[in-house]
Amino acid sequence: MQITKSNKQRLLQALAELKQEHRTLDIAIQEMAEQVHKNQIEMGRLKRQKLKLKDTIARLESDLIPNLHG
């Protein structure tokens, strides 16, 4: 499937936003892990959210790779 230039731009923008959100979550998780009284439930939620973002990022990056068989 060929990606149009405008679709590619939208995918790249979405990818940049997701990567920034992923970095923000990573920092929040690191800061929470350093606290003496960690909120394990919140930390687990943030980690799951981070994994979902990672999966979405991987899908978008895959969509941006041209199909070599098509």
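Each reported figure results from applying straightforward, stated rules to the coordinates on display, with no laboratory input. Note that this is a predicted model, so its numbers are computed, not measured. Neighbour counts run over all protein chains shown; Cβ positions are idealised from the backbone, glycine included.
A helix-only calculation puts the chain at -28000 deg cm²/dmol for mean residue ellipticity at 222 nm, using -39500 (n - 2.57) for each DSSP H run of at least four residues, averaged over all residues. Less than 14 Å Cβ to Cβ from Gln20, Lys/Arg counted +1 and Asp/Glu -1: what total charge do the surrounding residues give? Summing Lys and Arg as +1 and Asp and Glu as -1 gives +1. Under 1.5 on a/c is rounded, so check that first for the chain, then, if it is not, pick prolate when a/b is larger than b/c and oblate when it is not; a ≥ b ≥ c are the square roots of the alpha carbon gyration tensor eigenvalues. The shape class here is prolate. Only lysines eight or more places from Lys19 in sequence, or on another chain, were considered; those with a Cα closer than 23 Å are Lys5, Lys8, Lys47, Lys50, Lys52, Lys54. Restriction of the trypsin sites (Lys or Arg not before Pro) in the chain to DSSP coil positions whose beta-carbon has at most 12 other beta-carbons within 10 angstrom yields Lys38.
Taking the Cα centre of the range 5-64 as origin and assigning +1 to Lys and Arg Cβ atoms and -1 to Asp and Glu Cβ atoms, the resulting dipole is close to 260 debye. Applying 1/(1 + (r/R0)^6) with R0 = 30 Å to the Cβ-Cβ distance of Met43 and Gln13 gives a FRET efficiency near 0.50.
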